[in-house]
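Below is one structure, written out as structure tokens; comments come after it.
The values are calculated or read from the model by the stated rules, or taken from the named source; none is laboratory data. Small disclaimer: the values here were computed from a predicted structure and weren't measured. FYI the Cβ positions are ideal-geometry reconstructions off the backbone, even for glycines, and counts take in every protein chain you see. When the accessible area is computed, the model is the full protein with side chains, heavy atoms only, and any ligands, DNA or RNA have been set aside. Shrake-Rupley method; radii C 1.70, N 1.55, O 1.52, S 1.80 Å.
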Amino acid sequence: MSNPNFQLQRDSYGRLVLTAENGIIHAGVTPVRAFPIAAPDEGLSLVNYEGHEVAWIDSLADLPPSIAALIEADLASREFVPEIEGIEDVSSFACPSTWRLRTNRGPAELILKGEEDIRRLSQTRLLIADAHGIQFLIRDLSTLDRHSRKLLDRFL
């Protein structure tokens, strides 16, 4: 763990306030992940309300726990990417189709507009965009059960 060259706290409005090493205060900073899927805890930028970067964080693990907790809480309040644990059923193998899913956030349905909405991030990782703009993640294809893989393979 290293000492960052800034301090971070919440103000009375619940905004993150960054105090730089030179004493400049930036109210309302927002943490932004550089690689939200591939390396979510590495490469974070703190940007001000104008979208300008005011601090860079190589890794959340390098921060003091109190600052890391503030950043993780802020990110969790904005990010919603359910992870698919299984595919129960699909309405059709032609698009658009409705998928009934088991996710880490509970049962869900997604409407797949087209096969191009399934994006391969790596050999084992997929990101599926719902017709409503929600992104669903399959972190590891090998962890899906046989039935889910069979349904998914029809769209890949």
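From its DSSP helices (H runs of at least four residues, each -39,500 (n - 2.57)), the chain gives a residue-normalised ellipticity at 222 nm of -4500 deg cm²/dmol. Normalised by the number of residues in the chain, what is the relative contact order in percent for Cα pairs under 8 Å and 6+ residues apart? That works out to 14 percent. Overall size of the range 88-156 from C-alpha positions, given as principal axis extents largest first: 25, 23, 21 Å. Using the Karplus relation 6.51 cos²θ - 1.76 cosθ + 1.60 with θ = phi - 60°, the per-residue 3J(HN,Hα) values for the range 146-156 come to 4, 4, 5, 4, 4, 5, 5, 4, 5, 9, 8 Hz, with x marking Gly and Pro.
Around the amide H of Glu85, modelled in the peptide plane, lie the amide H atoms of Arg102, Thr103, Asn104, all under 5 Å away and 5 or more residues distant in sequence or on another chain. Here the peptides 8-14, 26-32 are ranked by packing, the mean other Cβ count within 10 Å, and the order with the highest first is 26-32, 8-14. Evaluating 6.51 cos²θ - 1.76 cosθ + 1.60 at θ = phi - 60° for every residue in the range 42-47, the Karplus couplings come out as 10, x, 10, 10, 9, 10 Hz, glycine and proline recorded as x.
In terms of the Cα gyration tensor, with a ≥ b ≥ c the square roots of its eigenvalues, is the chain rounded because a/c is under 1.5, prolate because a/b exceeds b/c, or oblate? Prolate. A simple rule links phi to the HN-Hα coupling: the Karplus curve 6.51 cos²θ - 1.76 cosθ + 1.60 with θ = phi - 60°, which for the range 34-39 gives 6, 10, x, 9, 6, 8 Hz, with x for Gly and Pro.
Out of all DSSP beta bridges in the chain, what portion is antiparallel? Express it as a percent rounded to 5. In the chain, approximately 95 percent of DSSP beta bridges are antiparallel ones.
For Val54, the residues 5 or more places off, or on other chains, whose built amide H falls under 5 Å of its own are Leu46, Val47, Asn48.
When peptides 87-94, 43-50 are ranked by their average number of other Cβ atoms within 10 Å per residue, the highest-first order is 43-50, 87-94. Reported to the nearest whole Å, the Cα centre-to-centre distance from the range 56-77 to the range 106-136 is 28. If one takes the longest principal axis of the Cα atoms in the chain, at what angle in degrees, from 0 to 90 and to the nearest 10, does the Cα axis of helix 65-78 lie? Once rounded, the angle reads 40 degrees.
Remark: accessible surface ordering of Lys113, Lys150 (largest first) is Lys150, Lys113, probe radius 1.4 Å.
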